[in-house]
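Please read the structure below before turning to the comments.
Quick note: the coordinates plus some simple rules give every number you see, no bench work behind them. Keep in mind that this is a model prediction, so the values were computed, not measured. So basically every Cβ, Gly included, is an ideal-geometry build from the backbone, and we count neighbours across all protein chains shown.
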Amino acid sequence: MADPAFEIVVCRGAQGRPCPYALPVDPGLPGRLEGRIAASGWPALLAARLTGGARHHHRFQLAVAGCANGCSRPHIADVGLIRACRPQVDPAACTGCGACEAACPDGAVSLADSLAVVDPAACLACGRCVAVCPTGAMSGADGWRVVAGGRLGRRPRLASELPELMSEAEALAVLGKSLAWYMSAWRPNLRFGDLLAAGGTARLLAGERPWPS
């Protein structure tokens, strides 16, 4: 959905359309994201401060991906939400069949002493290992990976990933903090990614001033 002040791009899987990799996404989420943006005052600020209307680079860009493939391009959006399932292994139920290892596209699952082991540094929380486990030894912590500060243009920047999986409520709170930050420092040529690069994700999450004092 696009508005003069913002754009929300949602991948096909997160829209409930056929996708072999997407994890379940509540169909009401895009509407709740739009509501949070509208309630922040961002559309009103942009309308009041810009003459001649908003151009594409003025819009706040939000992307929602149903899996780690990121077809909605969350890493180049101001804020990106990536549906995630962080695997956990129950050693008592694991038979060492290797189905999880074979299903992992990132080499994050291996067998050690006939038990599945997950490398958290390599895992992108796509949930494929959980889906193929025949014994239920693989379970998943569901949530969202949240990335922020991506951009295209003359100085492209990939978004920074925020720590830990987040619930929908936590992800919406991050969106609210991001908009509040941006509004507090906004000027026509300032991109949110530039602001985040200067202030840092820790300051964003703590609700501190964007510019270090």
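Would you work out the relative contact order for segment 100-179, in percent, from Cα pairs under 8 angstrom that are 6 or more residues apart? Kindly include the intermediate steps, with their values, before the conclusion.
Working: 85 pairs, mean separation 15.3, N = 80.
About 19 percent, as a whole number.
Please compute the length gained on full extension between His57 and Arg209, using 0.36 nm multiplied by the number of residues separating them and subtracting their Cα-Cα distance.
Working: separation 152, 0.36 × 152 = 54.72 nm, distance 2.36 nm.
Using 0.36 nm per residue and subtracting the Cα-Cα distance, I get 52.4 nm.
Once the Cβ-Cβ distance between Ala102 and Ala141 is put in as r, and R0 is 30 Å, what FRET efficiency do you end up with, to the nearest 0.05? If you can, show how the numbers build up before the last one.
Values: r = 22 Å, r/R0 = 0.73.
It comes to 0.85.
Need the full-extension length gain, Leu111 to Arg154, defined as separation in residues times 0.36 nm minus the C-alpha distance. One decimal, nm.
On the way: separation 43, 0.36 × 43 = 15.48 nm, distance 4.48 nm.
Between Leu111 and Arg154, full extension yields an extra 11.0 nm.
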Spin-label model distance (nm) - Ala122 vs Asn69, 7 Å beyond Cα toward Cβ: 2.2 nm
By the 4.7 Å beta carbon criterion, which cysteine residues of the chain come out unpaired? Cys19, Cys67, Cys85, Cys94, Cys97, Cys104, Cys123, Cys126, Cys133
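On full extension of the chain, what length is gained from Ala93 through Ala48, given 0.36 nm per residue of separation minus the C-alpha to C-alpha distance?
Numbers: separation 45, 0.36 × 45 = 16.20 nm, distance 5.98 nm.
Residue separation times 0.36 nm, minus the Cα-Cα distance, leaves 10.2 nm.
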Site Gln15, offset 7 angstrom along Cα→Cβ, radius 14 Å on amide nitrogen, limited to segment 56-70, gives 64-66
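Give the percent of DSSP beta bridges with both residues in the chain that are antiparallel, rounded to the nearest 5. Please report the intermediate quantities before stating the final value.
Details: 20 of 30 bridges.
That works out to approximately 65 percent antiparallel.
So what's the net charge close to Leu111: Lys and Arg +1, Asp and Glu -1, counting the other residues with Cβ under 14 Å from its Cβ? Could the numbers behind the result be given before it?
Details: positive: none; negative: Glu101, Asp113, Asp119.
That works out to -3.
Which whole-number percent gives the relative contact order of the chain, counting Cα pairs below 8 Å spaced six or more residues apart?
On the way: 407 pairs, mean separation 39.2, N = 213.
Relative contact order for the chain comes out at 18 percent.
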